[in-house]
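**Student:** The structure follows.
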Amino acid sequence: MPIVGGLDIHRKQLTFDYLDTATGEVRRGQIAPADREHLRAWLARFAGRDDVAFAMEGCTGWRYVAEELAAAGVAAHLGEPADTAAARGRKRHAKTDKTDSAHLRRLLAEGRLPECWIPPTQILEYRALLETYHDLRAVHTAWVQRIHAVFFHQGAPALGEGALRTEQGLAGLRVAAAAHLSPGGQLQVATALEVLAAVEARMEVLLTQLRDAARHLTGAKVLAARLYGVGPLTALALTCWLAGAGRFSSSRKAVRFTGLDVTVWSSDRKGPPGRLSRQGPPMLRWALYEAGKTHARASAPDHRYYATVKDRKNSKRAALSEARKIVRQACHILAELGDDALTAV
């Protein structure tokens, strides 16, 4: 690796620092603005070489940088942000873009860069669709809650649970809004219903795409067939974030990656002990929790354990326990499949 360097990614510029190990020369500078076109032009200096490698942190913007590096024949190494920062040690000087890029270059040159997996392009696309679907669900829930809040704020009768799920329920809601709400409140509800209709239409399109993707991805197809409660979305999410040869050395690390592990108490932090770390992809954590709740059914193979935890703690703890089990089982299945889990069928 005669040329080794680091790239610090920001919205306005990319700061580079690279060393030519053959001559000992170090070059530093910035690529601005930070976009594909200017990065591609800068990378032209390494054309025809296969001994160049750059490290960057796994922050927003890494995808297009990694893609352009690969297209230029430059080896891309993605560093885990928290572990990369920890490798800096105690802070003695002001943190700048120049020091960050130099830090990445040194870690890569010394073989100490805590690397992240760079998924194939198709997996990144599936992740984007899954995250969009999760965002739309959050928006949908917020607008539903807003409608209920308007009715309560103006002292109107409470809406039934199915008021927004059927055409009959929606018709009744509009009648109730006209009878009990002020003109402003009626406008709020009408606006919310219009937004909900648009969100539901987009969610339906996305759901069709995601189910089709799950049917044609080996890992998702196997997980949906072998794990109780794991439907197409959860199977696809598990495959997109956990699959790949050598991704995790143990299922415990996979649980930690999902953010479903329980944190230990630390004297330098505020808040109660025993909280979920909530690190990792929110979409994956939501899907796993929903899958864990399916074990509340009497027909579920692990219902007895779910019921025991529910009686001792509560239903939420029981669902989380089942979700962790699902992660462990999925991790072992995906490890058996290796990179074949990411192939199309």
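**Student:** Between rounded, prolate and oblate, where does the chain land on the alpha carbon gyration tensor, with a ≥ b ≥ c its root eigenvalues, rounded for a/c under 1.5, else prolate if a/b exceeds b/c? Intermediate values should be presented prior to the final figure.
**Tutor:** On the way: a/c = 2.04, a/b = 1.66, b/c = 1.23.
Prolate.
**Student:** For the chain: lysine pairs with Cα atoms under 17 Å, gap of 8 or more or different chains, count?
**Tutor:** Numbers: Lys12/Lys98; Lys253/Lys325; Lys293/Lys310; Lys293/Lys313; Lys293/Lys316; Lys293/Lys325; Lys310/Lys325; Lys316/Lys325.
Going through the chain pair by pair, I get 8.
**Student:** As a test of the formula, what do you get for the chain when each DSSP H run with n ≥ 4 contributes -39,500 (n - 2.57) and the sum is divided by the residue count, at 222 nm and rounded to the nearest 500 deg cm²/dmol? Walk me through the numbers on the way to the answer.
**Tutor:** On the way: 13 runs with 190 residues, N = 345.
Taking each H run of at least 4 residues, the total per residue is -18000 deg cm²/dmol.
**Student:** Work out the FRET efficiency for Asp20 and Ala198 from their Cβ-Cβ distance, taking R0 = 45 Å, and round it to the nearest 0.05.
**Tutor:** Plugging the Cβ-Cβ distance into 1/(1 + (r/R0)^6) gives 0.25.
**Student:** From the square roots a ≥ b ≥ c of the eigenvalues of the alpha-carbon gyration tensor of the stretch 1-124, which class results: rounded (a/c under 1.5), prolate (a/b over b/c), or oblate?
**Tutor:** Since a/c stays below 1.5, the shape of the stretch 1-124 is classed as rounded.
**Student:** Residues in the stretch 29-57, backbone N under 17 Å from the label point at Arg63 (7 Å along the Cα-to-beta-carbon vector): list them, ranges by number please.
**Tutor:** Those under the cut-off are 35-37, 57.
**Student:** Local charge sum around Leu284 (other residues, Cβ-Cβ under 13 Å, Lys/Arg +1, Asp/Glu -1)?
**Tutor:** Details: positive: Arg127, Arg256, Arg278, Arg285, Arg324; negative: Glu131, Glu290.
Cβ neighbours under 13 Å give a net charge of +3.
**Student:** So, one more: For labels at Arg137 and Glu336 in the simple 7 Å Cα→Cβ model, what's the distance in nm?
**Tutor:** 2.7
**Student:** Over all Cα pairs of the stretch 211-345, how is the pair count split among 5 Å bins, expressed in % and running from 0 up to the last occupied bin?
**Tutor:** P(r) for the stretch 211-345, in whole percents per bin: 2, 11, 20, 21, 19, 13, 8, 4, 2, 0, 0.
**Student:** Let me check against my output: what whole-number percent is the relative contact order of the chain, with C-alpha pairs under 8 Å and at least 6 apart?
**Tutor:** 13
Taken together, the values in this text are just the output of simple stated rules run on the coordinates, not laboratory data. As the structure is a computational prediction, the values presented were derived from the model and not from experiment. No Cβ is skipped: glycine too gets one built from the backbone with ideal geometry, and neighbour counts run over all protein chains shown.
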